[in-house]
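Worksheet: the structure to be examined is printed underneath.
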Amino acid sequence: MKGQTVTPFDVGTITSYEKLINEFGCTPITNDLFERFERMTGTKMPRQYRDYVISHREFDVVLDDFENKKPFYLYTGRGPSSSSMHLGHLLPFQFCSFLQSAFKVPLVIQITDDEKFLFKKGLTMDEIKIMTVENIRDIIACDFDRDLTFIFTNTSFVSDLYPMVLKLGNLIPTSKVQSTFGFAADTSVGKLGFPLMQCAPSFAESFTGLPMFSGKPKMRCVIPCAIDQDPYFRLCREFAGKVKHPKPAVIHTKFLPGLTGVNTKMSSSNTNECIFLCDTAKQIRKKINSAFSGGQELLEDHRRLGGNTDIDVPHTLLTYFCSDTNWIEHLRVSFREGNITCGEMKNTVADYIISIVTKFQKSRSAVTQDEYDHYLMRK
Ligand code: TYM
């Protein structure tokens, strides 16, 4: 696609989610589906998630399964590439926590420590081990059903995943992996083989050793993720029939933007554009104060001409986390009319984001070793 790169390894400027959905062949999400979800689960889909979810693959079939009391499970993951996760990572895990509590289903969380070793130049396995522990603590703080959630690292769970990795490995041609992920002839064998590791958890057979999967080796998998991860699951869906499993369903979300512009993706490789979950209130305020504003440069111009929240990063950040439609709209109109200045918008949003991060940090500091071991089922 011209001018728009979105792959699991590289996300450039996002000019149009609509185009991306078209190109990937996903189905746009509809209000009808949200309403059906609400009716069937008795759970309101918060305003911010209605904006955040953009498309899906067979989410309608998942709702059919739920209606027919057919079991399914959720699957998501994280590649530990920084010792703290950022605000953009909080979203998918909070969303999974929300879905798990609405559906009351098992959730498996894959930590791709192998991926980061293979794809992030210069990172040693020892460094990744430390990041892994820190990231798992971040994830646990997102509040899951402790008896229905399993977190695993690829390097420790590989023997359980391996039978499915082998089955898929026998079926999927090299050229397919190359074209799906843009790998070239000189891409290392390790990178080439990695997608099998991210695909294997899409099939319940990989978890038959877990009590929550017992007797249900053919459960459907449902994968909430930002749209950059879709290529893995497109591949899984194509080969699901051949490994005799239902196709995994996918729920795609947008990216939380970085601080430099609403068309970027927040990423830990750019620390100044990114709000980490370990940042102090002072750091967060400073970062949001330096974020791209949709207001006018001169105060008198701003009062006269007003600002544009569509390109204002602080207001956009708020829309990803806040469920209060009236307040968001009030801020939008006041900014547009020049009644709220750029500085006031930044401070208001900083207060809100600080409250979210502070709440997260409180839960994280309450994560005990016992709980950590429980999620990894080490006991
Ligand atoms: P990773 O660690 O890059 O990202 C973890 C999850 O966060 C999403 N994400 C974002 N969402 C919103 N805004 C952002 N700015 C943002 N940045 C990242 C990612 O899409 C992902 O959902 N290979 C994967 C780990 C993985 C995985 C999975 C993810 C393994 N199995 C199954 C989803 C589903 C990775 O490196 O994610």
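The values are calculated or read from the model by the stated rules, or taken from the named source; none is laboratory data. Because the structure is predicted, anything quoted here is derived from the model rather than measured. Because the Cβ atoms are built from the backbone with ideal geometry, glycine has one as well, and the counts that use them run over all protein chains shown.
Do we find that F93 is over 18 Å from the mean Cα position of the chain (by Cα), under 23 Å from R234 (Cα atoms) and modelled with pLDDT of 95 or more in this structure?
On the way: over 18 Å from the mean Cα position of the chain (by Cα): no; under 23 Å from R234 (Cα atoms): yes; modelled with pLDDT of 95 or more: yes.
Against the criterion (over 18 Å from the mean Cα position of the chain (by Cα), under 23 Å from R234 (Cα atoms) and modelled with pLDDT of 95 or more), F93 does not qualify.
If we scan segment 195-206, do we find a residue that is among the charged types (D, E, K, R) and farther than 22 Å from M377 by Cβ? Working first, answer last.
Filtering segment 195-206 for residues among the charged types (D, E, K, R) gives 205.
If we keep only those that are farther than 22 Å from M377 by Cβ too, we end up with none.
Among the residues of segment 195-206, not one is among the charged types (D, E, K, R) and farther than 22 Å from M377 by Cβ, which makes the answer no.
Mind telling me which of the residues L299, L235, L256 ends up being surrounded by fewer than 20 Cβ atoms within 10 Å (Cβ to Cβ) and either of a type in the set (A, V, I, L, M) or within 10 Å of the ligand (Cβ to nearest atom) (or both)? If you could, list the steps in order and put the result at the bottom.
Working: L235 fails: surrounded by fewer than 20 Cβ atoms within 10 Å (Cβ to Cβ); L256 fails: surrounded by fewer than 20 Cβ atoms within 10 Å (Cβ to Cβ).
Within the list L299, L235, L256, the selection yields L299.
Considering only segment 1-40, how many residues are within 17 Å of F66 (Cβ to Cβ), touching a Lys or Arg at 6+ places or on another chain (Cβ under 9 Å) and either surrounded by 15 or more Cβ atoms within 10 Å (Cβ to Cβ) or among the aromatic types (F, W, Y) (or both)? Selection size over segment 1-40: 2.
Tell me the strands (runs of 3 or more DSSP E) entirely within segment 51-134 that contain at least 3 residues that are of a type in the set (A, V, I, L, M, F, W, C). Walk me through it before giving the result.
Working: elements: 53-57, 72-78, 107-111.
Answer list for segment 51-134: 107-111.
For L63, the conditions (1) among the aliphatic types (A, V, I, L, M); (2) under 13 Å from F144 (Cβ atoms); (3) more than 16 Å from the ligand (Cβ to nearest atom) all hold with the exception of (2).
Against the list (1) in contact with a strand residue (DSSP E or B) (Cβ under 8 Å, 6 or more places away or on another chain); (2) closer than 22 Å to P80 by Cβ, the condition L192 fails is (1).
Please find, within segment 96-106, the residue that is surrounded by the most Cβ atoms within 10 Å (Cβ to Cβ) out of those that are more than 11 Å from the ligand (Cβ to nearest atom) and either at pLDDT below 95 or within 14 Å of the chain's Cα centre (by Cα) (or both). Out of the qualifying residues, it is L99. Residues that are loosely packed, with under 12 Cβ neighbours inside 10 Å, small (G, A, S) and free of Cβ contacts under 8 Å to residues at least 60 places away in the same chain number at least 1 in the following helices (runs of 4 or more DSSP H) confined to segment 145-223: 154-171, 174-181. When we screen A200, A226 for residues that are within 16 Å of F157 (Cβ to Cβ), within 16 Å of the ligand (Cβ to nearest atom) and not basic (K, R), the only hit is A200. May I ask you to verify whether T76 is at pLDDT 95 or above, surrounded by 15 or more Cβ atoms within 10 Å (Cβ to Cβ) and of a type in the set (S, T, Y)? The answer is yes for T76. Looking across segment 259-271 at every residue that is modelled with pLDDT of 90 or more and among the β-branched types (V, I, T), the one that is nearest to the ligand (Cβ to nearest atom) is identified as T264. When you scan segment 244-253, do you find a residue that is in a loop (DSSP other than H, G, I, E, B), touching a residue at least 12 places away in the same chain (Cβ under 8 Å), more than 13 Å from the ligand (Cβ to nearest atom) and of a type outside the set (K, R), even just one? Yes, because at least one residue in segment 244-253 is in a loop (DSSP other than H, G, I, E, B), touching a residue at least 12 places away in the same chain (Cβ under 8 Å), more than 13 Å from the ligand (Cβ to nearest atom) and of a type outside the set (K, R). Only one entry in V349, V357 is in contact (Cβ under 8 Å) with a residue 40 or more places away in the chain, β-branched (V, I, T) and touching a His at 6+ places or on another chain (Cβ under 7 Å), namely V349.
With a requirement of 3 or more residues that are touching a Leu at 6+ places or on another chain (Cβ under 7 Å), the helices (runs of 4 or more DSSP H) lying completely within segment 260-371 that satisfy it span 313-321, 342-365. Need the failing condition index for G241 against (1) over 20 Å from I109 (Cα atoms); (2) outside any loop (DSSP other than H, G, I, E, B); (3) within 15 Å of the ligand (Cβ to nearest atom), just the number. It fails just one condition, (3). Output yes when any residue across segment 12-22 is without any contact (Cβ under 8 Å) to a residue 12 or more places away in the chain, away from the ligand (no atom under 16 Å from the Cβ) and part of a loop (DSSP other than H, G, I, E, B), and no when none is. So far as segment 12-22 goes, no, none of its residues is without any contact (Cβ under 8 Å) to a residue 12 or more places away in the chain, away from the ligand (no atom under 16 Å from the Cβ) and part of a loop (DSSP other than H, G, I, E, B).
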